[in-house]
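The values are calculated or read from the model by the stated rules, or taken from the named source; none is laboratory data. The structure presented is a predicted model; accordingly, all values stated were derived computationally and were not measured. Cβ placement follows ideal geometry from the backbone for every residue including glycine, while neighbour counts extend to all protein chains displayed. The accessibility values were calculated without ligands, DNA or RNA, using every heavy atom of the protein model including side chains. Shrake-Rupley method; radii C 1.70, N 1.55, O 1.52, S 1.80 Å.
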Protein chains: 2
Amino acid sequence: MYKIHQTAPNFKILDCTIRDGGLVNDSNFDDETVRAAYLACSEANIDIMEIGFKDSDKIFSRQKFGKWRFCDESDVMEIIGSCGKKISISELADAGKCDWRDFPEKEKSQADIIRCAFYEHQTEDALDIVNSCADKGYQTALCMMAASTLGERAIDCALDKFARSQANIIYLMDSFGALMPEQVETLSDKYCQAAHSAGKLFGIHCHNNLQCAFANTIAAISRGADIADCTLAGLGKGAGNCPTEMLVKYVGQKYKLRPILKAVENFIEPMRKHFRWGFDYPYMISGLLNIHPREAMEFEKSLSLGEKKSIVDFYDKNFKKES
Amino acid sequence: MYKIHQTAPNFKILDCTIRDGGLVNDSNFDDETVRAAYLACSEANIDIMEIGFKDSDKIFSRQKFGKWRFCDESDVMEIIGSCGKKISISELADAGKCDWRDFPEKEKSQADIIRCAFYEHQTEDALDIVNSCADKGYQTALCMMAASTLGERAIDCALDKFARSQANIIYLMDSFGALMPEQVETLSDKYCQAAHSAGKLFGIHCHNNLQCAFANTIAAISRGADIADCTLAGLGKGAGNCPTEMLVKYVGQKYKLRPILKAVENFIEPMRKHFRWGFDYPYMISGLLNIHPREAMEFEKSLSLGEKKSIVDFYDKNFKKES
């Protein structure tokens, strides 16, 4: 079996099934599924589990969105309390959509890591969030989305600001799933150098629009990534993420595949009865165009509601300006 | 949109939907589908279409297997005759399973290219087939399968023999879908150098067991591949192939996506009612183990017959010796 040559010395895997998967089901996971994911991750020796969004209920209604959009301490406790704290817990705060000033001190929270997701124009907000969380005692990560849409100067400028922040981790985020391994290698060299020379870690987060989430994740790891994101069955926004089951077996080392496959089979795959995710033609088109998969997601939602839709029509609509 | 930096000067795409897809439906395509694929390829400016196997009916029964397992001249003529010869036609002869001595002279055939597929231990047979076909006037290709299972010395030895053959093209075949882009790059450098220094072309053929068929194809193209294989909707053995729709748009140049998407939507995707192909857990496991997807294909066939199967059981069976 082929294996990766080597990983960073303290390489870590972060499973964000319940968080990124929350973009598929509006974070409406039942406790049984969240607990199964938590136990599977800990049995598989995964290092970190991202259990949800730390977003504001002034923006996301509690009627529509499940509790993993908010990560109230009591809800997180409900999962961990019954199992015991076995692995690090991460939560994701969206810039502009979270009440970060109200986040508790680390010692009053089950979360170990707060990651902040933001677009480049929200960089100052993100730095405020991350620095505040660091002051409260959390480990923190800066996750600047849609790196594939930014020019070299914008990225250099952002990385320079990140280096001067209190963040512990700087992430390369291929939010639109538009990158190929060669580009990930080039960007990884840049991100990794910026992170390491500031004493920070370098993380990678990929989407599967061009069927490259796994290949890109491995490309970043081979270029020094300290942390790699993945999800069970690739469950996640649009075309989904790098599948945990592939990553753990390919990296090898302490990680175990069997508990992951069990959770995939018993808890995640059954979700396909109600939800669609993973590679499909509309996502391929948005990936090729390097655009947000918004319209592709609407297309897929229509399909899941039983509507008939033509992929050729979708192509015509999106490539109008190109053809 | 990201594009490939550059391709080989006379880069060509070979669509082998009807051939590799024949491993999904025992080559039982109706003429309408074959004609649609042929027209789509020619409208999309694809260079070569592989229309089927050139195998023996002493080995494959004509009761069970469709006509695209045999590629009788009259059947090929039936497709091309009504459309006019628009692109090059390839046929694949399996070493040990074809009556190569009976192949007609090129001038009496619609085929332009005969590719020979074989395992390393069949190399001498393959050389006989290819040299005979070259003598008859065909372009020829050597497709040594399962390169991922061979050591460096075996590959060097094989490439040395290939260089001294009459073959026009030498293919890197990732039959088990076990390679990652980094390994494809290394192997491509070796194959490309061997092919080019013998005045031959270098081709790439990938499978999707680790969701890397597209990434690997692009990796080989970036390392000088002159010809790349693909199939509509990735239709092909087991986890399937590099999808034509992704390759044509990513490579860009003269290739067009729209006719491909039309054929995919109207002729290939509807096949999913009866057949399963493409990435799935059993193929991931066979890819990770670098083994033939035989058992994974049986697993998938059971599913398509409505049987319930557990992927965890499949894992336990296959990883028994490892755990």
* Structure fact -> Note on the range B:274-321: residues in contact with a helix residue (DSSP H, G or I) (Cβ under 8 Å, 6 or more places away or on another chain), closer than 20 Å to B:GLY22 by Cβ and part of a loop (DSSP other than H, G, I, E, B) are B:HIS274, B:PHE275, B:ARG276, B:TRP277, B:GLY278, B:ASP280, B:HIS292, B:PRO293
* helices (runs of 4 or more DSSP H) completely within the range B:1-81 that count 1 or more residues being open to solvent by 20 Å² or more (accessible area, probe 1.4 Å) and under 16 Å from B:VAL264 (Cα atoms) -> B:22-25, B:31-43
* Matching option when the condition is within 11 Å of another protein chain (Cβ to nearest Cβ) and free of Cβ contacts under 8 Å to residues at least 12 places away in the same chain, among A:SER302, A:SER310, A:SER286 -> A:SER310
* Inspect all residues belonging to the range A:83-103 and state whether any of them is polar (S, T, N, Q), within 24 Å of A:ARG35 (Cα to Cα) and in a loop (DSSP other than H, G, I, E, B). => no
* Asked: Which of the residues belonging to the range A:82-94 are surrounded by 13 or more Cβ atoms within 10 Å (Cβ to Cβ) and either among the polar types (S, T, N, Q) or not assigned by TED's automatic domain parsing to the domain that holds A:GLY137 (or both)?
  -> A:SER88, A:SER90
* Asked: Got a number for residues in the range B:207-224 being within 11 Å of chain A (Cβ to nearest Cβ) and outside any loop (DSSP other than H, G, I, E, B)?
  -> 9
* Given (1) within 20 Å of the chain's Cα centre (by Cα); (2) more than 26 Å from B:ASP316 (Cα to Cα); (3) within 9 Å of another protein chain (Cβ to nearest Cβ); (4) surrounded by 24 or more Cβ atoms within 10 Å (Cβ to Cβ), index of the condition A:ILE227 fails -> (3)
* State the number of residues belonging to the range A:230-259 that are crowded, with 24+ Cβ neighbours inside 10 Å and more than 10 Å from chain B (Cβ to nearest Cβ). => 12
* Restricting the range B:290-317 to residues that are more than 19 Å from the chain's Cα centre (by Cα) and open to solvent by less than 30 Å² (accessible area, probe 1.4 Å), the residue that is nearest to B:CYS242 (Cα to Cα) -> B:GLU300
* **B:ILE204 vs. criteria within 12 Å of chain A (Cβ to nearest Cβ), closer than 23 Å to B:ILE18 by Cα and out of contact with any Gly (no Cβ under 7 Å at 6 or more places or on another chain)** => no
* Asked: Restricting the first residue to the range A:51-66 and requiring it to be closer than 21 Å to A:THR33 by Cβ, which pairs with a second residue that is at pLDDT 95 or above and hydroxyl-bearing (Ser, Thr, Tyr) meet a Cβ separation below 9 Å and a spacing of at least six or different chains?
  -> A:ILE51/A:TYR38; A:ILE51/A:SER90; A:GLY52/A:SER27; A:PHE53/A:SER27; A:ASP55/A:SER27; A:PHE60/A:SER27; A:PHE65/A:SER27; A:GLY66/A:SER27
* Structure fact -> All conditions in (1) in contact with a helix residue (DSSP H, G or I) (Cβ under 8 Å, 6 or more places away or on another chain); (2) open to solvent by 60 Å² or more (accessible area, probe 1.4 Å) are true of A:LYS97 except (1)
* **One residue from B:GLN253, B:GLN211 being more than 17 Å from B:CYS16 (Cα to Cα) and either among the hydroxyl-bearing types (Ser, Thr, Tyr) or modelled with pLDDT under 95 (or both)** => B:GLN253
* To do: Scan the range B:145-193 for residues that are part of a helix (DSSP H, G or I) and open to solvent by 40 Å² or more (accessible area, probe 1.4 Å) and jot them down.
  => B:THR149, B:GLU152, B:ARG153, B:ASP156, B:CYS157, B:ASP160, B:LYS161, B:GLU182, B:THR186, B:ASP189, B:LYS190, B:GLN193
* Structure fact -> Inside the range B:225-251, the number of residues satisfying the requirement of being among the charged types (D, E, K, R) and not in a helix (DSSP H, G or I) is 3
* Given (1) part of a helix (DSSP H, G or I); (2) touching a helix residue (DSSP H, G or I) at 6+ places or on another chain (Cβ under 6 Å), where does A:GLN110 come up short, assuming only one miss? -> (1)
* Do the conditions hold for A:ASP125, that is, is it surrounded by fewer than 16 Cβ atoms within 10 Å (Cβ to Cβ) and on the phi < 0 side of the Ramachandran plot? -> no
